[in-house]
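Here, each number is a calculation from the coordinates, and none is a lab measurement. It should be emphasised that the depicted structure is a prediction, and the values quoted were computed from it without experimental measurement. For neighbour counting, all protein chains shown are included, and Cβ atoms are generated from backbone atoms with ideal geometry for every residue, glycine included.
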Amino acid sequence: MKLVQNTVQEIAKDALLWEDRVPGGAHWSGIVRRGTTLRLTDLSGGANCSAIFFNHEEKLERYNMADTLKAQHTARLTRGHVCYSDMGRVLCSIAADSAGWHDPLCGPSDAATTRARYGEKTYQNARNDMLRNGRDGLLIELGKWGLSKRDLAATVNFFSKVWIDDAGDMQFVLGHSRAGALVELRFEMNCLVALSTAPHPLDPRPHYAPGPVGLAAWRSGTARPDDECRLSCPENGRGFHATELYYR
Amino acid sequence: MTQSFVESRLDPRGALYDKVLPAGEGWLHELKRGQIFRIQDIKGNQAVDTLFYSAADPSERYSAQDTIRAQRRIYLTTGSRLLSSEGNALLTLVADTCGRHDTLGGACAAESNSVRYAFDKKYMHSCRDTFLHTIVAGDALLTKRDIASNINFFMNVPVTADGGLSFADGVSAPGKYVEMRAEMDVICLISNCPQLNNPCNAYDPTPVRLLIWGGPG
């Protein structure tokens, strides 16, 4: 069977729902509904976007790193992969990707790792140039929806590449994502999305200069029967089926 | 890959606690700071799905991502510090005769089994059933919200340079063990994995032995 190739295309004006620009280091959350695609764009190159997804109607159902990796036999995410919930359903599928590799292993930065790398820069002495970290940004966004740190499970770091060598050691790739790189998350469920654009925790650059990420949501519809993500492995075929059962 | 094998000098006859946990069963137990906890793979190639929580505040829990990122290595062995979601050391691995342990593969569940293998696998016993029954029937104040990515002691999940991941034949064998020291008072939650659909248990889930010592002195 010939796969439908999902490639990066211009978003049609009548399909565009909204756009936003998240500055580097900032955090965002919102509802993205089934049939809507969220495009993330690395606007200046070298951005990182730590993200987590919840079923909006039942937030106990959330992105599950292990189930995502083992169902698809992968330790990276790119076009053709999907993000699984702990309930065996597809929260979103990666319908287009020009970066080629997104890190599902390392999780967000936190206050301690940020302080260790970049030093101390608080609101009191730096105002809004304070050094924000991924975990605290995500906790703020989760708090807006009544969630707590108990709900903050493993995240995906979009636009970052970390590969694993023979010893099992993590190798961060500097300069992996170029300006204009984008990834499209097509939501197959109504999701709460929380994200932080703080630096990747293994980014070795000594200066705190996280890049901004563009958001654009557009009406795409869900994965069609001949969709690449659905057909990329038999597991995903069953995952999409389980997702469709949920919405019957 | 380099594997370190470090043996323990502790004698099971001096243990405070010594229990055999059959496959498919759960275990919830508190470990006091300084205590040494050993999990022994009695018959070989068993997977022991394990989670840890701070006993003082169970909302602080084991974090697979923080643990592997801090040591910059995805496998766990002697010297690995098991970090919490707050970046604190819950336990440190102090002996290991297996060589490496997984923390990416997570726990089996009815829902993930039906995705991974076939819809008719849904009603097989799973680690998540064990985790949930153990915490909901017990009095641990934990719920599904608290079940995050776990450790799979003795399980082998190699990752390749191009980003591939597989469940491979075990690297464990009868009598292999891993031992860890509690760095704070922790709650340990175990499901001794009943998975029959992949080689994580060599298709034959078996009992494990759990031992606790009061401390190195």
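Observations, loosely collected:
- Isotropic mean projected area of the C-alpha convex hull, the stretch B:104-191 (nm²): 8.3
- Across the stretch B:149-163, rounded Karplus estimates of 3J(HN,Hα) from the backbone phi angles (6.51 cos²θ - 1.76 cosθ + 1.60, θ = phi - 60°) give 4, 9, 9, 10, 5, 6, 8, 10, 10, x, 10, 9, 4, 8, x Hz, Gly and Pro being marked x.
- The stretch B:1-140, relative contact order [Cα under 8 Å, separation at least 6], %: 25
- Rounded to two decimals, the Cα radius of gyration of chain A over 2.2 N^0.38 Å is 0.97.
- Once backbone amide H atoms are built at 1.01 Å from N, A:LEU105 has A:ASN157 as its partners under 5 Å, excluding neighbours fewer than 5 places away on the same chain.
- Restricting the stretch B:7-63 to trypsin sites (Lys or Arg not before Pro) that sit in a DSSP loop and have at most 16 other Cβ atoms within 10 Å of their own Cβ leaves B:ARG9, B:LYS32, B:ARG33.
- Under the Debye formula (equal points on every Cα, no solvent term), log10 I(q)/I(0) of the protein assembly as shown at q = 0.08, 0.10 Å⁻¹: -0.44, -0.70
- Checking every one of the GluC sites (Glu not before Pro) in the stretch A:31-117 against DSSP loop status and a limit of 16 other Cβ atoms within 10 Å picks out A:GLU57, A:GLU58.
- Percentage relative contact order, chain A, counting C-alpha pairs under 8 Å, at least six apart: 40
- A:ALA15-A:TYR247 pseudo-label distance in nm [points 7 Å out on the Cα-to-Cβ vector]: 1.5
- Burial ordering of B:SER126, A:SER29, fewest other beta-carbon atoms within 10 Å first: A:SER29, B:SER126
- Listed pairs B:LYS122/B:LYS144; A:LYS70/B:LYS43; B:LYS122/B:LYS176; B:LYS144/B:LYS176; A:LYS161/B:LYS122; A:LYS13/A:LYS149 exceeding 29 Å between Cα atoms: B:LYS122/B:LYS176; B:LYS144/B:LYS176; A:LYS161/B:LYS122; A:LYS13/A:LYS149
- GNM remark for chain A: springs join alpha carbons under 10 Å apart, and the peak mean-square fluctuation among A:ALA216, A:ALA96, A:ALA47 falls on A:ALA216.
- Among A:LEU131, A:ALA96, A:GLY168 the positive-end extreme of the charge dipole of the stretch A:19-246 (Cβ point charges): A:LEU131
- When you work out D = kT/(6 pi eta Rh) for the stretch A:174-230 at 25 °C and 0.890 mPa s, using the Kirkwood radius from C-alpha pairs as Rh and the Stokes-Einstein form, the result is 167 µm²/s.
- Burial ordering of A:GLU120, A:GLU244, fewest other beta-carbon atoms within 10 Å first: A:GLU120, A:GLU244
- Take the Cβ atoms of B:TYR123 and A:LEU60, set R0 to 22 Å, and the FRET efficiency comes out at 0.55.
- Projected label points at A:ILE140 and B:LEU16, each 7 Å from Cα along the beta carbon direction, are separated by 4.3 nanometres.
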